[in-house]
């Protein structure tokens, strides 16, 4: 069992190939959508959803079995078939060409695994047990989904605005960091969960101005 290093990858424009066209392959494709990568799926058959993705131009498909050479130029590969011979052949090609591969039901052979995740716009939270208990990862994910609802995508954007304002107006990096931590730890985000975003924005800027003035008084 690998001791996996957590990392965030820039997938924009990268070629990612999925071998297999069933439900497992569909889940792998779903995990790639929205990250700007070029997705190609190779299989003699496809789920209805994968067919729809192809018609919408979200993925490209090759309607046949995998053959050696199909993975050339890939950044990531998912071998998502129930055929061990095909999966092992994908593994061989990837090892020979230094391509990162994830093999479903073959974690001991994987270069990487995909953690359970929550995505709220630019906020990403990942949970992993290094493959020892996917069920626990799923349980924790469900708990965190309640703690960080969909509104957090807007909250993160607002905090990004505040951060840019602080960077423009506060030269001292230590003072800047202190202001941002005070805003985050004020409890204001939690207070406005489920309320109008415009009200939160107003309160965030009011809080920033108060902290900014207080910091200036204590220079």
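The values are calculated or read from the model by the stated rules, or taken from the named source; none is laboratory data. For clarity, every value in this text was computed on a predicted model and none was experimentally measured. Cβ: placed from backbone, ideal geometry, glycine included. Neighbour counts: every protein chain shown.
Exactly one condition in (1) modelled with pLDDT under 90; (2) touching a strand residue (DSSP E or B) at 6+ places or on another chain (Cβ under 9 Å); (3) loosely packed, with under 13 Cβ neighbours inside 10 Å is not met by residue 110; state its number.
Here residue 110 clears every test but (3).
Restricted to region 88-106, and to residues that are within 30 Å of residue 142 (Cβ to Cβ) and over 20 Å from the mean Cα position of the chain (by Cα), which residue is surrounded by the fewest Cβ atoms within 10 Å (Cβ to Cβ)?
First, pick out the residues of region 88-106 that are within 30 Å of residue 142 (Cβ to Cβ): 100-106.
If we keep only those that are over 20 Å from the mean Cα position of the chain (by Cα) as well, we get 105-106.
Numbers: 105: 12, 106: 15.
Out of the qualifying residues, it is 105.
Which numbered condition trips up residue 53, out of (1) surrounded by 17 or more Cβ atoms within 10 Å (Cβ to Cβ); (2) touching a strand residue (DSSP E or B) at 6+ places or on another chain (Cβ under 7 Å)?
Of everything listed in (1) surrounded by 17 or more Cβ atoms within 10 Å (Cβ to Cβ); (2) touching a strand residue (DSSP E or B) at 6+ places or on another chain (Cβ under 7 Å), residue 53 misses just condition (2).
Tell me, please, whether a residue that is assigned to a loop (DSSP other than H, G, I, E, B) and within 30 Å of residue 122 (Cα to Cα) can be found in region 21-29.
If we filter region 21-29 for residues that are assigned to a loop (DSSP other than H, G, I, E, B), which is where we start, we get 21-22.
Then drop every residue that is not within 30 Å of residue 122 (Cα to Cα), which leaves 21-22.
Yes; the residues of region 21-29 include at least one that is assigned to a loop (DSSP other than H, G, I, E, B) and within 30 Å of residue 122 (Cα to Cα).
All but one of (1) touching a residue at least 40 places away in the same chain (Cβ under 8 Å); (2) farther than 23 Å from residue 35 by Cβ; (3) assigned to a helix (DSSP H, G or I) hold for residue 155; which doesn't?
Here residue 155 meets the rest and fails (2).
Could you grab me the full set of residues in region 49-87 that are over 24 Å from the mean Cα position of the chain (by Cα), farther than 25 Å from residue 9 by Cα and part of a helix (DSSP H, G or I)?
Our first condition is that a residue be over 24 Å from the mean Cα position of the chain (by Cα); within region 49-87, this holds for 55, 62-70, 72, 82-87.
Filter again for farther than 25 Å from residue 9 by Cα, leaving 55, 62-68, 82-86.
The answer is 55, 84, 85, 86.
Would you check if there is a residue in region 133-151 being in a loop (DSSP other than H, G, I, E, B), at positive phi, surrounded by fewer than 14 Cβ atoms within 10 Å (Cβ to Cβ) and modelled with pLDDT under 90? Step through it out loud before you land on a result.
From region 133-151, those in a loop (DSSP other than H, G, I, E, B) are 133, 148-151; that's our starting set.
With the extra rule that they be at positive phi, the set shrinks to none.
No, there is no match, as no residue in region 133-151 is in a loop (DSSP other than H, G, I, E, B), at positive phi, surrounded by fewer than 14 Cβ atoms within 10 Å (Cβ to Cβ) and modelled with pLDDT under 90.
Of all residues in region 92-128, which are part of a loop (DSSP other than H, G, I, E, B) and within 21 Å of residue 151 (Cβ to Cβ)? Full working, then the answer.
Narrowing region 92-128 to residues part of a loop (DSSP other than H, G, I, E, B): 98-99, 104-106, 110-115, 121-122, 128.
Answer for region 92-128, where residues must be part of a loop (DSSP other than H, G, I, E, B) and within 21 Å of residue 151 (Cβ to Cβ): 121, 122.
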